[in-house]
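The values are calculated or read from the model by the stated rules, or taken from the named source; none is laboratory data. Please read all numbers here as calculations on a predicted model, not as lab measurements. Here Cβ is always computed from backbone atoms with ideal geometry, including for glycine, and neighbour counts include all displayed protein chains.
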Amino acid sequence: MGMGKEVINFPMLNNYATNSNPLEKKLYQLIISRLNGEGISSVSYQGEIFKLVRKGIGGFIIFGGKKDEVRHFIEKIQSISETSLFIASDIERGVSQQIQKSTIFPCQMAIAAAIEKNRPEDVTVIESAVKAIADEAKDIGINMPLIPVLDINQNPDNPIICTRAFSDNPGDVAWFGSKYIKTLESSGLISCAKHFPGHGDTSTDSHILLPVINKSYEDLMNMDIMPFREAIKTGVSSIMIGHLSIPAIDYKPASLSKKIISGILREKLGFEGLVLTDALNMNALKDIKNVSVQCIKAGADILLHPVKADLTVKELISAVRTGVIAEEQIDSTINRILKIKEKIKYDKQHFSYENHEKLSYLITEMSITIVKNTAGILPTSEGNKTHLVFCGDNKFFESSPLKTYFKDISTITDTLELKNKIAIFAIFTSVAAWRGSSGIDEDEKDRINELIGKAENSIVISFGNPYILRYFKRADVLIAAYEPTEQAQKAVIKCLTGEMDFKGRLPVKLDIYAI
């Protein structure tokens, strides 16, 4: 259980004097710094955060923590700040992605698989899901959910976007993104479209290296930027700039590029909201000096997650005093920040976490997609003919609910005899920063294909990245479940046994038929 409000005390709070340097205070307002939810029970860590608030920090991006503790701490820092603090968080799959005891929702690609745009009842479901995420965010104190992802996942080997994207179709990405933005904004939250001008057509994770996107200006405008154009029309309050190099426009990363931020986003697209950088601690920028100064010069308003806020402010003060950055630009940025902060509503809605969990299960069940189906194999039973093989990320094996249904189970590394068996391969993958891949390695692909050849029949289920299904064209049945979650696995069991129909539609193109 989350700990109650009385647990966290705030000793020596008044020791952290208000910043009296006007320029310094303005520059702190440009920064959203990291807040570790797991650390807020530490008095010394509280002190670090209180110092930043007193200095005029613009806000925090929250990672981790217990619901009641985080809620109470956010209330405290909001109460001592002279202006509203942005409380941002990466909650693409709901607040539970960061905060314990909240609701986990399906990823964006699963939502696109579940929702039929032309069915009014489906539209109600997606609006209800985003409203649920918004209500839980407001309950915690998060006012800037860093969603939606508007990248179009055009590269099947994309290691960092993949299932975080709605689709590989720009029209679908724009439609779903607009639904998110309208619902979040009407709830009094600051929506954030990311990662401009588009992180979907790369096989490089910008947490590790700087991706280079070799496409023309025209292709970029017609494809990758299209959902952002629609987001601006819809009323998105903020847009995050990715650490991406597009040589046809500028060799500099987009987050440091005046041509991209001021030229395309501001002037060409007419965006008047907040421009955030992607996190400044990412390795895509590691060899660049004075990153924060360059981002502000290029037209960014908010510096997200710099390694050290105090050092960043010192660099910015030097840049202003030497004329590298005009103080008039800072003043204009501050006015934009304060204008956006005025949009935040602090009213909290009455809701049921239990109902949100039911809604999340419903969407997951709606998303399970049969990609290839050979007649006569489904439905399956837990009898002697079926053999379940766990593949991919082994951290999901031990607690898998598939174990409660299938009795004959192995892992891909075991010695297997599958003659006269229906082999069911459950492949677990997930998308995460710094990993560098969203798939499985070549040895495992070869091993699965070898076993498919030995089994009487074969079913391959992707619990995560659907693109891996294209490596197993010889399988009789291919199923996309989009996520390795417990609820996705339970939904697949229902589909395999015929208790429930496959209802999902594949949001991306897959070449799964052998030539």
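How many residues, within the stretch 125-169, are assigned to a helix (DSSP H, G or I) and among the small types (Gly, Ala, Ser)?
Narrowing the stretch 125-169 to residues assigned to a helix (DSSP H, G or I): 125-140, 162-164.
Now restrict to residues that are among the small types (Gly, Ala, Ser): 128-129, 132, 134, 137.
Residues flagged as assigned to a helix (DSSP H, G or I) and among the small types (Gly, Ala, Ser) within the stretch 125-169 amount to 5.
Please determine whether any residue of the stretch 163-184 is surrounded by fewer than 22 Cβ atoms within 10 Å (Cβ to Cβ) and at pLDDT below 95.
No, because not a single residue in the stretch 163-184 is surrounded by fewer than 22 Cβ atoms within 10 Å (Cβ to Cβ) and at pLDDT below 95.
Of the numbered conditions (1) at pLDDT 90 or above; (2) out of contact with any Pro (no Cβ under 6 Å at 6 or more places or on another chain), Phe396 fails exactly one; give the number of that condition.
Only one criterion in (1) at pLDDT 90 or above; (2) out of contact with any Pro (no Cβ under 6 Å at 6 or more places or on another chain) is unmet by Phe396, namely (2).
Scan the stretch 45-78 residue by residue and report those that are on the phi > 0 side of the Ramachandran plot and in contact with a Gly (Cβ under 6 Å, 6 or more places away or on another chain).
The answer is Gly64, Gly65.
Being farther than 21 Å from Ile260 by Cα and in a helix (DSSP H, G or I) narrows it down to one of Val307, Val320, so name that one.
Details: Val307 fails: in a helix (DSSP H, G or I).
That would be Val320, the only listed residue that is farther than 21 Å from Ile260 by Cα and in a helix (DSSP H, G or I).
Restricting attention to the stretch 86-101, report how many residues are surrounded by fewer than 24 Cβ atoms within 10 Å (Cβ to Cβ), part of a loop (DSSP other than H, G, I, E, B) and over 13 Å from the mean Cα position of the chain (by Cα).
Selection size over the stretch 86-101: 1.
Determine, yes or no, whether Arg71 is surrounded by fewer than 20 Cβ atoms within 10 Å (Cβ to Cβ) and not hydroxyl-bearing (Ser, Thr, Tyr).
Working: surrounded by fewer than 20 Cβ atoms within 10 Å (Cβ to Cβ): yes; not hydroxyl-bearing (Ser, Thr, Tyr): yes.
Yes.
Give all pairs with beta carbons closer than 9 Å in which a residue from the stretch 187-199 that is closer than 12 Å to Ile213 by Cα and in the same structural domain as Ala129 (by TED's automatic domain parsing) meets a residue that is crowded, with 24+ Cβ neighbours inside 10 Å and of a type in the set (D, E, K, R); count only pairs at least 6 apart in sequence or on separate chains.
Pro197/Asp224; Gly198/Asp151; Gly198/Asp224; His199/Asp151; His199/Asp224; His199/Asp278
Any idea which of Ile363, Ile370 is among the β-branched types (Val, Ile, Thr), out of contact with any Phe, Trp or Tyr (no Cβ under 6 Å at 6 or more places or on another chain) and modelled with pLDDT of 95 or more? Walk me through it before giving the result.
Values: Ile370 fails: out of contact with any Phe, Trp or Tyr (no Cβ under 6 Å at 6 or more places or on another chain).
Just a single option satisfies the conditions, and that option is Ile363.
Within the stretch 456-490, how many residues turn out to be surrounded by 24 or more Cβ atoms within 10 Å (Cβ to Cβ), in contact (Cβ under 8 Å) with a residue 60 or more places away in the chain and either among the charged types (D, E, K, R) or closer than 16 Å to Lys421 by Cβ (or both)?
Selection size over the stretch 456-490: 3.
Since Ile330 meets every condition but one in (1) over 28 Å from the mean Cα position of the chain (by Cα); (2) outside any helix (DSSP H, G or I), which condition does it not meet?
Checking Ile330 against (1) over 28 Å from the mean Cα position of the chain (by Cα); (2) outside any helix (DSSP H, G or I), the one that fails is (2).
Quick one: is Thr364 touching an Asp or Glu at 6+ places or on another chain (Cβ under 8 Å), of a type in the set (Val, Ile, Thr) and surrounded by fewer than 16 Cβ atoms within 10 Å (Cβ to Cβ)?
Numbers: touching an Asp or Glu at 6+ places or on another chain (Cβ under 8 Å): yes; of a type in the set (Val, Ile, Thr): yes; surrounded by fewer than 16 Cβ atoms within 10 Å (Cβ to Cβ): no.
When the stated conditions are applied, Thr364 does not pass them.
Counting only residues that are of a type in the set (A, V, I, L, M) and surrounded by fewer than 23 Cβ atoms within 10 Å (Cβ to Cβ), which one in the stretch 226-241 is nearest to Leu150 (Cα to Cα)? Walk me through it before giving the result.
So the first thing to find is which residues in the stretch 226-241 are of a type in the set (A, V, I, L, M), and the list is 226, 231-232, 236, 239-241.
Narrowing the set further to residues that are surrounded by fewer than 23 Cβ atoms within 10 Å (Cβ to Cβ) leaves 226, 232.
On the way: Met226: 9, Ile232: 12 Å.
The qualifying residue nearest to Leu150 (Cα to Cα) is Met226.
Going through the stretch 245-287 one residue at a time, which ones are assigned to a helix (DSSP H, G or I), modelled with pLDDT of 95 or more and not charged (D, E, K, R)? Give the derivation first.
Quick first cut of the stretch 245-287, residues assigned to a helix (DSSP H, G or I) only: 254-256, 258-268, 283-285.
Pick out the ones that are also modelled with pLDDT of 95 or more and you get 254-256, 258-268.
Result: Ala254, Ser255, Leu256, Ile260, Ile261, Ser262, Gly263, Ile264, Leu265.
Among the numbered criteria (1) surrounded by fewer than 17 Cβ atoms within 10 Å (Cβ to Cβ); (2) within 27 Å of the chain's Cα centre (by Cα); (3) among the hydrophobic types (A, V, I, L, M, F, W, C), which single criterion is violated by Met500?
(2)
Given Phe406, Phe428, which one is among the aromatic types (Phe, Trp, Tyr), closer than 30 Å to Val123 by Cα and buried (at least 17 other Cβ atoms within 10 Å of the Cβ)? Don't jump to the end; show me each part of the working.
Values: Phe406 fails: closer than 30 Å to Val123 by Cα.
Unique residue meeting the criteria: Phe428.
If you go through the stretch 409-424 one residue at a time, do you hit one that is in a loop (DSSP other than H, G, I, E, B), surrounded by 18 or more Cβ atoms within 10 Å (Cβ to Cβ) and either among the aromatic types (Phe, Trp, Tyr) or in contact (Cβ under 8 Å) with a residue 60 or more places away in the chain (or both)?
No, that holds for no residue.
In the stretch 352-384, which residues are assigned to a loop (DSSP other than H, G, I, E, B) and within 21 Å of the chain's Cα centre (by Cα)? Give the derivation first.
Within the stretch 352-384, the subset assigned to a loop (DSSP other than H, G, I, E, B) is 352, 368, 374-384.
If the condition is that a residue be assigned to a loop (DSSP other than H, G, I, E, B) and within 21 Å of the chain's Cα centre (by Cα), then Ile368 is the only one that fits.
Considering only residues of the stretch 207-225 that are more than 26 Å from Trp175 (Cβ to Cβ) and surrounded by 14 or more Cβ atoms within 10 Å (Cβ to Cβ), which is nearest to the chain's Cα centre (by Cα)?
First, pick out the residues of the stretch 207-225 that are more than 26 Å from Trp175 (Cβ to Cβ): 207-210, 212, 214.
Okay, now just the ones that are also surrounded by 14 or more Cβ atoms within 10 Å (Cβ to Cβ), so 207-210.
Details: His207: 13, Ile208: 17, Leu209: 19, Leu210: 19 Å.
Across the stretch 207-225, the extreme among qualifying residues is His207.
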